[in-house]
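Working notes, beginning with the structure itself.
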Amino acid sequence: MTGGLRLPASRLRGTSRLRAATAALLAVGALALVPVALQAEPPGAPAGRTAPIVRIGVLAPEGSRGDLLRTWDGLPEYLLRALPDLDVRIESYSLDGLHTAVDEGRIEFFLANSGFYVEAQVAHGAAALATASSGDTASPEAALGAAIVVPFDRDDLRELADLRGQRLIAIHPRAFGGYQVGLHALWQAGVRQEDLTSERFVGGAEQLLLDLTRGRADVAILRLCLLEELTSTPKFSRKRYRVLGALAPSPQGCQRSTPLYPDWPFARLKHTDAGLARRLTMALLSMPPTANGAAWTVPSDYGQVHQVFRDLRIGPYEYRSRETLAELMRRHWPWLLVPPVLLLGFLAHTLRAERLVQRRTRELREALDERDRLAREARERDAQLDRMERLSALGEMSSMIAHELNQPLAAIANFARGMVRRIEGGRGESAPLVEAGNEIAQQAERAGAVIQRVRSLSKRRPYERREVALEAVIDAALGTFRGALPGAPPPRVRYAGDPAARLDADPMQVEEVLLNLLRNGFEAMRELPAAQRTLRVDAVVGAESVRIAVIDRGTGLPESVRARLFEPFFTTKPDGVGLGLAICKRVIEAHGGHIEASDNAPEPGACIAITLPRAAPQEQAVPDGAAAALRAAESHPAGVAPADPRPAAPGAIRYA
Amino acid sequence: MPDALIHVVDDDAVLRRSVRFLLESVGWRTVEHEDGAAFLGAVQDTGTGCALVDVRMPGLSGVEVLHAMRTRGLTLPVVFLTGHGDVALAVQAMKDGAFDFIEKPYRDQVLLDAVTAAVRRHETMRAESERHDALAGLYALLTPREREVARCVARGLANKQIARELGISEKTVHVHRAKVMEKMRIRSAAELAQQLGVIEPDFAAGMPDTSRPGRAPA
């Protein structure tokens with residue numbers, strides 16, 4: 001709705017027809033524009049012309065209507081006198097009412113506090129024309145403020161920062177001096193609106209102090225000088241209240257907790273006619289001070305007020321996002337600690353897990369090692385059991401053999417002896433002798449059959465002869481030896497000639513023979529400390545055969561033992577069966593080779609050597625020089641054979 | 001010992017035959033039995049001899065045969081032939097009354113010696129037995145009073161002492177004593193003591209050792 005329509009009288013005098021038409025149009029239009037009272041000036045009518053309406057809205061904050069009239073006493077009259085051709089209408093509005101009036105454009109000017117002005121300035125483009133200057137203020141720039149009041153006996157509330165978590169009351173959420181500046185003071189002390197337990201807005205000024213006294217609130221914001229006004233009455237005692245964050249009293253002598261802000265402006269709205277505005281301004285500025293000393297001066301700088309709104313993010317600055325990052329961080333700092341704490345926790349957990357993993361890995365490894373050791377032990381036991389089983393089977397078998405053979409043998413003995421006695425006694429009848437002889441023969445055959453049966457019981461794998469490399473056989477035997485006796489020092493192997501020379505032999509059988517020799521050699525050294533029980537294996541490759549000698553440093557071979565070494569059932573061991581070397585001899589001879597034993601004298605120990613044929617005739621394998629060098633380094637003349645295995649070393653016994 | 005008879009008891013026919021061959025080579029009369037039952041069925045209590053019994057046989061074992069023989073009162077000595085490892089069995093058999101045991105395989109001489117010893121033993125036993133029976137028969141002819149006197153005489157008591165012990169006159173003792181000597185066909189108190197030792201084992205147990213010849217009661 002636009003404001004009053006002012007028609008210069010001069011223009012109307014010349015165009016009566018146009019006027020009539022315009023009036024008719026306006027009359028039609030005025031029906032829709034109800035609140036608009038338009039008065040057309042009759043042309044040439046000097047008297048009774050209708051003045052344009054100037055509506056001024058005056059803020060009368062709640063509870064101070066009386067003050068307004070007192071303060072601005074005479075303003076309406078003055079304006080009417082100053083502006084005789086204008087219909088000046090001054091109306092007082094509540095805060096909300098004035099907002100609405102401004103929103104709806106129902107007024108041309110308003111007179112309100114700085115806070116309201118700032119909002120209107122931003123929202124509606126209002127502009128201050130003059131600033132009120134109250135008589136009792138030194139400057140219009142420092143006229144508004146607030147006091148933050150708490151009951152005197154609240155010793156826990158000493159500073160503005162103590163107001164965190166308290167219950168606040170004020171007059172009106174949009175009251176600049178009565179609330180917003182106080183809130184700003186709190187804000188600057190670090191107390192945000194969200195930090196308060198509650199905010200309440202009471203109806204009247206007296207209610208503020210009453211609620212404080214009654215404990216219904218903890219802190220109240222009173223506009224500047226309200227506290228002094230209220231406590232000047234008998235109703236309220238100044239001693240019951242305390243002002244927090246008190247700064248130097250205002251020029252009026254009122255206590256305050258906030259800085260002072262510019263006083264009320266007289267402002268125009270954007271739609272207000274500029275000429276009208278100028279006239280009002282001139283009138284105001286020319287106005288002499290009232291009885292109270294109130295006067296008008298040039299507009300102040302309202303930047304501070306803007307800052308308050310900006311800081312509090314209220315009014316025109318509400319659109320700003322309420323939360324900046326800094327605000328967020330300030331308020332939620334405990335939450336911000338959570339990620340680092342989580343990270344630390346995670347790191348700690350990872351470290352612990354790592355340590356646990358390491359420990360478990362170590363334990364696992366130890367357990368695996370233990371298991372391996374146990375497995376090795378188990379294998380050893382198995383092998384031992386096997387051996388014992390075989391021995392007991394041997395024992396069983398020998399019982400069987402003994403029993404089965406006893407009968408025929410006994411019968412043979414009886415028949416034979418009987419024959420001898422008969423013949424010696426002169427009773428040589430042929431018939432009984434013949435009969436006896438036949439019986440003898442039969443029984444001998446029966447015995448032979450028993451042997452056959454026993455033989456077939458022992459499972460014997462037939463020989464599988466094939467070409468096999470010398471070192472393969474030696475390595476295999478050594479491997480088994482070391483696996484069975486891990487505590488033994490590894491035997492030292494030396495080759496004279498090509499280690500890859502091929503033998504014509506059953507590899508398993510030869511391995512078993514070598515293993516047997518190695519075991520015997522090792523056991524011969526059982527008197528020595530474990531670390532000194534070193535066996536030597538010398539392999540010499542000849543033209544047609546290969547000689548492998550196993551040399552130990554043990555008790556050696558006295559002549560009596562050496563003579564019977566390969567006899568079946570001959571043993572020097574207390575628990576020995578005495579078949580080992582006898583079997584070795586049979587195996588080697590079955591390969592077309594031979595086995596011989598000799599003493600190492602003067603050195604301790606013995607040397608058992610086997611000779612095996614090579615696979616196919618080769619060219620000369622090792623020159624005599626190499627064998628001689630081997631021998632020289634050896635200095636065991638009896639232990640090493642020359643390239644030609646046939647000549648035996650002195651003292652050695654050969655079994656061809 | 002021409003009438004001695006050797007029994008060979010073994011389930012192994014060949015072995016049995018061979019033992020028989022050997023025994024006959026030195027002149028023993030031999031008879032074969034294939035098992036314990038056959039032997040027990042055939043054996044008689046006449047004549048001397050011995051039995052060579054294999055301790056392990058099917059059916060009646062050697063030891064059972066031994067027991068059966070004792071039950072029947074056969075005095076034939078038994079020599080057990082044992083295999084290797086039957087020592088415990090053999091020891092038990094000896095306790096049960098076997099004469100001897102031989103381990104197989106044996107030297108022939110060992111077997112022959114054992115047979116000879118067994119047969120001799122048997123003969124001795126039989127002779128003793130006969131003598132015992134004869135003496136018992138004579139002893140049975142004595143009156144109770146004469147037996148009393150005989151016992152006292154055998155103990156070495158003088159007639160006077162006997163008279164006092166029995167409460168009869170010395171003269172009566174003299175008469176009884178003569179009768180005893182006559183009936184028992186002996187001439188000295190020592191002989192009487194010996195015979196009584198044979199007849200009445202209780203008597204021998206209570207007496208100083210007079211069984212050996214040349215030792216007179218003190």
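The values are calculated or read from the model by the stated rules, or taken from the named source; none is laboratory data. Bear in mind the structure is a predicted one, so any value in this text is a computation, not a measurement. Reconstructed Cβ throughout: ideal geometry from the backbone, glycine too, with neighbour counts over all protein chains shown. Surface accessibility is based on the protein's heavy atoms, side chains included, excluding ligands, DNA and RNA. Shrake-Rupley method; radii C 1.70, N 1.55, O 1.52, S 1.80 Å.
Considering only the stretch A:284-317, state which residues are among the aliphatic types (A, V, I, L, M), modelled with pLDDT of 80 or more and in a loop (DSSP other than H, G, I, E, B).
Of everything in the stretch A:284-317, those that are among the aliphatic types (A, V, I, L, M), modelled with pLDDT of 80 or more and in a loop (DSSP other than H, G, I, E, B) turn out to be A:Met287, A:Val298, A:Ile314.
List the pairs whose first member sits in the stretch A:155-175 and is under 14 Å from A:Thr197 (Cβ atoms) and in contact (Cβ under 8 Å) with a residue 40 or more places away in the chain, whose second member is in a loop (DSSP other than H, G, I, E, B) and open to solvent by 40 Å² or more (accessible area, probe 1.4 Å), and whose Cβ atoms are under 6 Å apart, counting only residues at least 6 apart or on separate chains?
A:Arg167/A:Thr197
So which residues in the stretch A:183-203 are among the β-branched types (Val, Ile, Thr) and under 21 Å from A:Met329 (Cα atoms), if there are any at all? So that I can check it myself, show each step before the final result.
Initially, the stretch A:183-203 is screened for residues among the β-branched types (Val, Ile, Thr), giving A:191, A:197, A:202.
Scanning the stretch A:183-203 gives A:Val191, A:Thr197.
Suppose we keep only residues that are modelled with pLDDT of 90 or more and more than 7 Å from chain B (Cβ to nearest Cβ) within the stretch A:404-421. Which one would you say is most open to solvent (accessible area, probe 1.4 Å)?
A:Val420
Residue check: is A:Arg320 in contact with a Leu (Cβ under 7 Å, 6 or more places away or on another chain) and either among the basic types (Lys, Arg) or modelled with pLDDT under 80 (or both)? Spell out the reasoning first.
Working: in contact with a Leu (Cβ under 7 Å, 6 or more places away or on another chain): no; either among the basic types (Lys, Arg) or modelled with pLDDT under 80 (or both): yes.
So A:Arg320 fails the test.
Among B:Glu64, B:Glu24, B:Glu103, which is open to solvent by 10 Å² or more (accessible area, probe 1.4 Å), over 30 Å from A:Ser430 (Cβ atoms), within 11 Å of another protein chain (Cβ to nearest Cβ) and over 16 Å from the mean Cα position of the chain (by Cα)? Steps first, answer last, please.
Values: B:Glu64 fails: within 11 Å of another protein chain (Cβ to nearest Cβ); B:Glu24 fails: over 30 Å from A:Ser430 (Cβ atoms).
After applying the criteria, what remains is B:Glu103.
Is it the case that some residue within the stretch A:67-89 is among the hydroxyl-bearing types (Ser, Thr, Tyr), touching a strand residue (DSSP E or B) at 6+ places or on another chain (Cβ under 6 Å) and at pLDDT below 85? Spell out the reasoning first.
Narrowing the stretch A:67-89 to residues among the hydroxyl-bearing types (Ser, Thr, Tyr): A:71, A:78.
Add one more test, that the residue is touching a strand residue (DSSP E or B) at 6+ places or on another chain (Cβ under 6 Å), and what stays is none.
No, that holds for no residue.
Filter the stretch A:283-319 down to residues that are basic (Lys, Arg) and buried (at least 17 other Cβ atoms within 10 Å of the Cβ), then give me how many there are.
Qualifying residue count, the stretch A:283-319: 1.
Among (1) away from chain A (no Cβ under 14 Å); (2) without any contact (Cβ under 8 Å) to a residue 60 or more places away in the chain, where does B:Val119 come up short?
For B:Val119, the failing item is (2).
When you scan the stretch A:431-448, do you find a residue that is in contact with a Leu (Cβ under 8 Å, 6 or more places away or on another chain), assigned to a helix (DSSP H, G or I), more than 9 Å from chain B (Cβ to nearest Cβ) and of a type in the set (A, V, I, L, M), even just one? Please lay out each step first, then the result.
Narrowing the stretch A:431-448 to residues in contact with a Leu (Cβ under 8 Å, 6 or more places away or on another chain): A:443, A:447.
Subsequent filtering for residues that are assigned to a helix (DSSP H, G or I) retains A:443, A:447.
Filter again for more than 9 Å from chain B (Cβ to nearest Cβ), leaving A:447.
With the extra rule that they be of a type in the set (A, V, I, L, M), the set shrinks to A:447.
Looking for residues that are in contact with a Leu (Cβ under 8 Å, 6 or more places away or on another chain), assigned to a helix (DSSP H, G or I), more than 9 Å from chain B (Cβ to nearest Cβ) and of a type in the set (A, V, I, L, M), one finds at least one in the stretch A:431-448, hence yes.
If you take the residues in the stretch B:27-52 that are part of a strand (DSSP E or B) and open to solvent by 10 Å² or more (accessible area, probe 1.4 Å), which one is nearest to the other protein chains (Cβ to nearest Cβ)? Steps first, answer last, please.
Initial filter on the stretch B:27-52 (part of a strand (DSSP E or B)): B:29-33, B:49-52.
Retained after the next criterion (residues that are open to solvent by 10 Å² or more (accessible area, probe 1.4 Å)): B:29-33.
Numbers: B:Arg29: 15, B:Thr30: 11, B:Val31: 16, B:Glu32: 13, B:His33: 17 Å.
Applying the filter and picking the extreme gives B:Thr30.
Of the conditions (1) buried (at least 17 other Cβ atoms within 10 Å of the Cβ); (2) within 14 Å of another protein chain (Cβ to nearest Cβ); (3) modelled with pLDDT of 90 or more, B:Thr82 satisfies every one except a single condition; which number is it?
(3) is the only condition that B:Thr82 fails.
Out of (1) buried (at least 24 other Cβ atoms within 10 Å of the Cβ); (2) in contact with a helix residue (DSSP H, G or I) (Cβ under 6 Å, 6 or more places away or on another chain), what's the single condition that is false for A:Leu280?
(2) is the only condition that A:Leu280 fails.
Considering only residues of the stretch B:6-21 that are open to solvent by 10 Å² or more (accessible area, probe 1.4 Å) and touching a Pro at 6+ places or on another chain (Cβ under 9 Å), which is farthest from the other protein chains (Cβ to nearest Cβ)?
We begin by selecting, within the stretch B:6-21, every residue open to solvent by 10 Å² or more (accessible area, probe 1.4 Å); these are B:7, B:11-14, B:16-17, B:20-21.
Now narrow it down to the ones that are touching a Pro at 6+ places or on another chain (Cβ under 9 Å): B:11, B:14, B:21.
Values: B:Asp11: 10, B:Val14: 5, B:Phe21: 4 Å.
Taking the candidates together, the pick is B:Asp11.
If you check B:Arg72 against the conditions, is it basic (Lys, Arg) and surrounded by 14 or more Cβ atoms within 10 Å (Cβ to Cβ)?
Values: basic (Lys, Arg): yes; surrounded by 14 or more Cβ atoms within 10 Å (Cβ to Cβ): no.
It is false that B:Arg72 is basic (Lys, Arg) and surrounded by 14 or more Cβ atoms within 10 Å (Cβ to Cβ).
Sort out which residues of the stretch A:464-481 are over 59 Å from the mean Cα position of the chain (by Cα) and not aliphatic (A, V, I, L, M), and write them in order of number.
A:Glu464, A:Arg465, A:Arg466, A:Glu467
If you check A:Ala132 against the conditions, is it open to solvent by less than 10 Å² (accessible area, probe 1.4 Å), small (Gly, Ala, Ser), modelled with pLDDT of 85 or more and more than 58 Å from the chain's Cα centre (by Cα)? Steps first, please.
On the way: open to solvent by less than 10 Å² (accessible area, probe 1.4 Å): yes; small (Gly, Ala, Ser): yes; modelled with pLDDT of 85 or more: no; more than 58 Å from the chain's Cα centre (by Cα): yes.
Criteria not met by A:Ala132.
From (1) surrounded by fewer than 19 Cβ atoms within 10 Å (Cβ to Cβ); (2) in contact (Cβ under 8 Å) with a residue 12 or more places away in the chain; (3) within 14 Å of another protein chain (Cβ to nearest Cβ); (4) of a type in the set (A, V, I, L, M, F, W, C), pick out the condition that doesn't hold for B:Ala114.
The one condition B:Ala114 does not meet is (1).
In this structure, does A:Leu514 turn out to be assigned to a helix (DSSP H, G or I) and open to solvent by less than 40 Å² (accessible area, probe 1.4 Å)?
Values: assigned to a helix (DSSP H, G or I): yes; open to solvent by less than 40 Å² (accessible area, probe 1.4 Å): yes.
Yes: the conditions hold for A:Leu514.
State yes or no: is B:Thr71 at pLDDT below 90, of a type in the set (S, T, N, Q) and on the phi < 0 side of the Ramachandran plot?
When the stated conditions are applied, B:Thr71 passes them.
Is there a residue in the stretch A:422-430 that is farther than 30 Å from A:Pro613 by Cα, more than 12 Å from chain B (Cβ to nearest Cβ) and modelled with pLDDT of 75 or more? Can you show your working first?
Kept after step one, since they are farther than 30 Å from A:Pro613 by Cα, are these residues of the stretch A:422-430: A:422-430.
Next, from what is left, pick out any that are more than 12 Å from chain B (Cβ to nearest Cβ): A:430.
Cutting the leftovers down to modelled with pLDDT of 75 or more gives us A:430.
So far as the stretch A:422-430 goes, yes, one or more of its residues are farther than 30 Å from A:Pro613 by Cα, more than 12 Å from chain B (Cβ to nearest Cβ) and modelled with pLDDT of 75 or more.
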